[in-house]
Amino acid sequence: MYKIYADDLCIYNDAFTLDDMIVTDPKLTLSDSNAGSFTFKLHPTNKGYNLVQRMTTKIRVLKDDIEIWEGRVLSEKTDFWNCRSITCEGELAYLNDSTQP
């Protein structure tokens with residue numbers, strides 16, 4: 001069972017097929033020593049549609065209530081039907097925002 005959270009709000013749970021939790025085309029890319037990425041489409045009926053903000057909203061993906069990925073929203077596009085195509089980067093990419101000695 002998979003769940004997707006935007007901050008503390010559950011925006012997807014594959015155990016339910018509710019109109020306010022519609023997320024389509026999810027694609028999670030995981031790899032060792034890499035930040036990974038996550039893309040998905042958020043429909044206007046989703047309760048988190050207006051909550052998700054670029055660079056500030058934390059997105060988490062859980063499998064069987066165990067977190068398998070965490071990151072932030074990097075970019076988004078809106079299509080003709082007002083579905084938001086959202087691209088996220090993993091938390092390892094946070095290090096790109098700082099200078100490390």
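Applying the criterion of being in a loop (DSSP other than H, G, I, E, B) and β-branched (Val, Ile, Thr) to the residues of region 14-53, the residue that is farthest from Ser85 (Cα to Cα) is Thr17. Applying the criterion of being of a type in the set (Gly, Ala, Ser) and touching a Ser or Thr at 6+ places or on another chain (Cβ under 9 Å) to the residues of region 23-49, the residue that is most open to solvent (accessible area, probe 1.4 Å) is Ser37.
Could you tell me whether region 5-13 includes any residue that is open to solvent by 60 Å² or more (accessible area, probe 1.4 Å), at pLDDT below 95 and either assigned to a loop (DSSP other than H, G, I, E, B) or on the phi > 0 side of the Ramachandran plot (or both)? Checked against the condition, which is being open to solvent by 60 Å² or more (accessible area, probe 1.4 Å), at pLDDT below 95 and either assigned to a loop (DSSP other than H, G, I, E, B) or on the phi > 0 side of the Ramachandran plot (or both), region 5-13 yields at least one hit. Contact map, region 76-101: first residue over 23 Å from Ser31 (Cα atoms), second residue hydrophobic (A, V, I, L, M, F, W, C) and open to solvent by less than 50 Å² (accessible area, probe 1.4 Å), Cβ cut-off under 7 Å, separation 6 or more or different chains; pairs are Cys83/Leu42; Arg84/Leu42.
Please verify whether Trp81 is in contact with a strand residue (DSSP E or B) (Cβ under 9 Å, 6 or more places away or on another chain) and aromatic (Phe, Trp, Tyr), treating the condition exactly as stated. Against the criterion (in contact with a strand residue (DSSP E or B) (Cβ under 9 Å, 6 or more places away or on another chain) and aromatic (Phe, Trp, Tyr)), Trp81 does not qualify.
Results for (1) out of contact with any Asp or Glu (no Cβ under 8 Å at 6 or more places or on another chain); (2) closer than 12 Å to Cys88 by Cβ, shown as yes or no for each residue.
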| residue | (1), (2) |
| --- | --- |
| Met1 | no, no |
| Tyr12 | yes, no |
| Asp20 | yes, no |
| Pro26 | yes, yes |
| Leu30 | yes, no |
| Ser33 | yes, no |
| Thr39 | no, yes |
| Asn50 | yes, no |
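Residues in region 80-101 include none that are modelled with pLDDT under 95, open to solvent by 60 Å² or more (accessible area, probe 1.4 Å), in a strand (DSSP E or B) and in contact with a Lys or Arg (Cβ under 7 Å, 6 or more places away or on another chain).
The values are calculated or read from the model by the stated rules, or taken from the named source; none is laboratory data. Quick caveat, the model's predicted, so the values are computed rather than measured. A quick note on method: Cβ atoms are made from the backbone with ideal geometry, for glycine too, and the neighbour counts reach across all protein chains shown. We work out accessible area using only protein heavy atoms, side chains counted, and drop any ligands, DNA or RNA first. Shrake-Rupley method; radii C 1.70, N 1.55, O 1.52, S 1.80 Å.
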